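The values are calculated or read from the model by the stated rules, or taken from the named source; none is laboratory data. Quick caveat: nothing in here was measured; it's all calculated off a predicted structure. Neighbour counts are summed over all protein chains in view; Cβ atoms, including those assigned to glycine, are modelled from backbone coordinates with ideal geometry. Calculation scope for accessible area: heavy atoms of the full protein, side chains included, ligands and nucleic acids excluded. Shrake-Rupley method; radii C 1.70, N 1.55, O 1.52, S 1.80 Å.
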Amino acid sequence: MSEETPPGDGGLGPVGAAMGEFVALAASGGFSVNEHGGQALLKAIREMLAWIDSERYHFEHLLQRPMLGGSTNAEVLKPFMQAVAGDEAGFITQVLKLEESLLAAEQAILLAMASYQESDEKAADRLGER
């Protein structure tokens, strides 16, 4: 475990841990989001998820051993390029972790929107009783 990876984050790193807290906060009613704001956030999240999904084919190419020739430099770079793309801290690994975080954020926003709606309805009911 490194200093950048807090314990109990499920291997998702600081962003994943923060997203877990975000979801828990939304589930407990710790914050709410109105329909307009929630839809704007959901649109951004869903566009990013769509981009990740559309790029999966290209991710597979990045994981393949690059065809750089047989020079000494090329032979040194080939495994390095694969590692940069796909090792634990690699680009693809991090993008897939981002995808998990975005899915969690989407759920949190939906919960926060429901919380806002419930609070709004309760406030309206209270106003109607007076």
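Would you check if I92 is more than 20 Å from A27 (Cα to Cα) and in contact with an Asp or Glu (Cβ under 7 Å, 6 or more places away or on another chain)?
Numbers: more than 20 Å from A27 (Cα to Cα): yes; in contact with an Asp or Glu (Cβ under 7 Å, 6 or more places away or on another chain): no.
No: the conditions fail for I92.
Any idea which of (1) over 27 Å from L49 (Cα atoms); (2) touching a Pro at 6+ places or on another chain (Cβ under 9 Å) is the one E75 doesn't satisfy?
Of the numbered conditions (1) over 27 Å from L49 (Cα atoms); (2) touching a Pro at 6+ places or on another chain (Cβ under 9 Å), the odd one out for E75 is (2).
Is it the case, given these coordinates, that E88 is in a helix (DSSP H, G or I) and out of contact with any strand residue (DSSP E or B) (no Cβ under 6 Å at 6 or more places or on another chain)?
Here the answer is no, as E88 does not meet what is asked.
What is the number of the single condition among (1) over 30 Å from A26 (Cβ atoms); (2) open to solvent by 40 Å² or more (accessible area, probe 1.4 Å); (3) modelled with pLDDT of 90 or more that R130 does not meet?
(3)
Listed here are the residues, each with its yes/no results for (1) outside any helix (DSSP H, G or I); (2) modelled with pLDDT under 70; (3) surrounded by 13 or more Cβ atoms within 10 Å (Cβ to Cβ).
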residue: T5; (1), (2), (3): yes, yes, yes
residue: G11; (1), (2), (3): yes, yes, no
residue: G20; (1), (2), (3): no, no, yes
residue: G29; (1), (2), (3): yes, no, yes
residue: V33; (1), (2), (3): yes, no, yes
